[in-house]
Amino acid sequence: MTNQSHSWSHAGDGTSEAELGSFKTLEQFILERQDQFSHSTGAFSRLLRDIGLAAKTVNRDMRRAGLIDVYGSTGETNVQGEVQQKMDALAHREFTRALRRGGECCLIGSEEHAEAIPLSGTSEEGDGKYIVLLDPLDGSSNIDVNVSVGTIFSIYRLPDEYSKDEPDPDAALQPGTQQVAAGYVVYGSSTMLVYTTGNGVNGFTLDPSIGEFLLSHPDIQTPTRGRLFSINSGYYHSFEEGLREYLDWLQERDPETNRPAKTRYIGSFVSDFHRNLLKGGIYMYPATEGSPDGKLRLMYEANPMGFIAEQAGGAASDGHTRILEKTPDKLHQRTPLFIGSEEMVRRAESFLEETSDRASARP
Ligand code: AHM
Ligand code: MG
């Protein structure tokens, strides 16, 4: 990973401050990229601006959690049967509102809403040519205990055969290879927005004093091999044999291959993914006996993060198939997920492959 060079000055009052002029804002960066396309109408840039704006609003409320009434659950369960946190509902509303107002998106698919939400005709502005799928607040059960959470988003074009005035929810069911952009926001010790449009991965840190995302992590590349592995090993006994063997292998001592690897599991996918992206590692949410399709959702968790991982030089797989090539059947579809440093993902796949071959060879 290469970081933009920082130059620091002394404010004279004992605090150091960055010379903000040396950082590019998210908006400047988006516009610069837009200028590279001669036929660009600016619609996509405006869509990203709307997402950035919603992220700042969610960030503002999150930073005051504990002071305003956003702790705890709404008492409702979402379409997945999971308890909905107040902050889940708030983040869903903030993103929906920003996209509705901006007018560039005609259809939203959200983890917090059973059906895709059509937006067309609700704004005077915008061309309404994009579909946005999102997990408004991933890892939200961590909010009440002050642990980092995130937002994940995935952007598709509305295919020509669909009308933007009455968008069919099925228009959202596109494979991950069709994404035009994907990103996440991690509300951590600082707030960062990381995204790709298929031309590398760039990260922006929110400077709360000026309310702008500033380019802090240009052209992020993830190590091919890492030392971290992230999995809920509490479910170890319900993992398939190949995965148990891979986990045992990771924990063997072998200085030549830098083993044992280190466990890091926050239980907040965005945060676990972000750390592993920068440091090198693998995040796994596999199938278990109770959840044969795993827990994470293909359309707004695995696909966007898979796109980012690949763009940073990593990989994403369901253990057998490249995530981005999976054909979706439904908006809230789940998938097992192995994502991160390429060598680690490939090795996980080969352990899984080997034992499934062994199992099928058994008489
Ligand atoms: P959510 O989208 O409802 O927040 O659920 C996804 C979260 C991930 O952030 C996290 O990695 C995983 O669920 C943790 O699940 P578990 O507690 O089973 O390990
Ligand atoms: Mg989630």
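In region 228-361, the convex hull through the Cα atoms has an average projected area of 8.3 nm², a quarter of its surface area.
Our summary gives the chain a relative contact order of 15 percent, counting only alpha carbon pairs under 8 angstrom and 6 or more residues apart.
Could you give the dipole magnitude of region 228-361 about its Cα centre, charging the beta-carbon of Lys and Arg +1 and that of Asp and Glu -1, in debye to the nearest 20? With Lys and Arg at +1 and Asp and Glu at -1, about 560 debye.
Per-residue Cβ neighbour counts within 10 Å put 94, 343, 353 in the sequence 353, 343, 94, beginning with the fewest. Evaluated over the chain, the count of Lys pairs having alpha-carbon atoms less than 22 Å apart is 9 (only pairs 8 or more residues apart or interchain).
What is the log10 of I(q)/I(0) for the chain, computed with the Debye formula using one identical point scatterer on each Cα and no solvent, at q = 0.11, 0.12 Å⁻¹? Scattering profile of the chain, log10 relative to I(0): -0.76, -0.90.
A DSSP coil position with no more than 14 other Cβ atoms inside 10 Å describes the following trypsin sites (Lys or Arg not before Pro) in region 315-363: 330.
Shown for 163, 216: other C-beta atoms within 10 Å of each C-beta, ranked fewest to most, produce the order 163, 216. Find which of 75, 141, 304 sits farthest along the positive direction of the dipole of the chain, computed with +1 on the beta-carbon of Lys and Arg, -1 on that of Asp and Glu, about the Cα centre. Value computed over the given set: 141. What is region 17-217 by shape, rounded, prolate or oblate, if you read a ≥ b ≥ c off the alpha carbon gyration tensor as root eigenvalues and call it rounded for a/c under 1.5, prolate for a/b larger than b/c, and oblate otherwise? Oblate, since a/c reaches 1.5 and b/c is not below a/b. Across region 84-167, C-alpha contacts under 8 Å between residues 6 or more apart give a mean separation that, scaled by the residue count, equals a relative contact order of 29 percent. By the count of neighbouring beta-carbon atoms within 10 Å, fewest first, 108, 51 end up ordered 108, 51.
Along the axis of the charge dipole computed for the chain (Cβ charges of +1 for Lys and Arg, -1 for Asp and Glu, origin at the Cα centre), the listed residues 116, 177, 282 are led at the positive end by 282.
Values quoted throughout were computed directly from the atomic coordinates according to the rules given, and no laboratory measurement underlies them. Please read all numbers here as calculations on a predicted model, not as lab measurements. Quick reminder, even Gly has a Cβ in these numbers, built from the backbone with ideal geometry, and neighbours come from all protein chains shown.
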